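Data block below; observations after.
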Amino acid sequence: MRIILALLSGSLFGAGLALSGMADPMRVRAFLNLLGPWDPTLAFVMGGAMIPMALAWLVQKRTDRPFADQQFNLPETRGIDGKLALGAILFGIGWGIGGLCPGPALASLALAPVAVAPFVLAMLGGMALHRVTSRT
């Protein structure tokens, strides 16, 4: 049952990314281009995503356990440190250059695999490098 829910959730997420334009690197770059022809579309997509997420947090607080697991596995809240800041900077640089971030990159593999494959390979390499060099 968990695998079916994961596949349905991932498919819904990927479809949402594709339909919203988040999987289109040119639209993302136009959103990030504050000095040229700016496209505000993704601001509405991100703002619209806050509503279901806020509802999900309200439901989670009133629920003893998730539908398909024994307990909630939520990360602890930690302060901002150098590692987080550096990660955010690297993420932003990669997002600005490539026009993709991890979720849309994986969704884009179905749309344009040859064009997106170098980004995904570099992303996976960065994740592997982090795993090897990280002690926490």
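For the range 109-136, filtering for residues that are modelled with pLDDT under 85 and within 24 Å of Gly21 (Cβ to Cβ) leaves 2. Quick check on the range 41-50. Is at least one of its residues at pLDDT 85 or above and of a type in the set (Phe, Trp, Tyr)? Yes, because at least one residue in the range 41-50 is at pLDDT 85 or above and of a type in the set (Phe, Trp, Tyr). Output the number of residues of the range 85-115 satisfying the condition of being within 16 Å of Gly125 (Cβ to Cβ) and touching a Leu at 6+ places or on another chain (Cβ under 6 Å). Of the residues in the range 85-115, 0 are within 16 Å of Gly125 (Cβ to Cβ) and touching a Leu at 6+ places or on another chain (Cβ under 6 Å). Among the residues making up the range 9-53, a single one is in contact (Cβ under 8 Å) with a residue 24 or more places away in the chain and of a type in the set (S, T, N, Q): Ser20. Only one of the numbered conditions (1) closer than 18 Å to Ser108 by Cβ; (2) of a type outside the set (A, V, I, L, M, F, W, C); (3) over 16 Å from the mean Cα position of the chain (by Cα) is not met by Lys83, and that is (1). One residue stands out among those in the range 61-95 that are surrounded by 13 or more Cβ atoms within 10 Å (Cβ to Cβ) and touching a residue at least 12 places away in the same chain (Cβ under 8 Å): the one that is nearest to Ser134 (Cα to Cα), which is Gly94.
Residues in the range 103-125 that are assigned to a helix (DSSP H, G or I), surrounded by 15 or more Cβ atoms within 10 Å (Cβ to Cβ) and not hydroxyl-bearing (Ser, Thr, Tyr): Gly103, Pro104, Ala105, Leu106, Ala107, Val116, Phe119, Val120, Met123. Quick one: would you say Ala56 is of a type outside the set (Val, Ile, Thr), within 23 Å of Phe13 (Cβ to Cβ) and in contact (Cβ under 8 Å) with a residue 24 or more places away in the chain? The answer is no for Ala56.
Looking at the range 68-93, which of its residues are in a loop (DSSP other than H, G, I, E, B) and in contact with a Ser or Thr (Cβ under 9 Å, 6 or more places away or on another chain)? Listed by number, the list holds a single entry, Phe72.
The values are calculated or read from the model by the stated rules, or taken from the named source; none is laboratory data. On a predicted model such as this, the values are computed, not experimentally measured, just so you know. Glycine also receives a Cβ, built like all others from the backbone with ideal geometry; neighbour counts cover every protein chain displayed.
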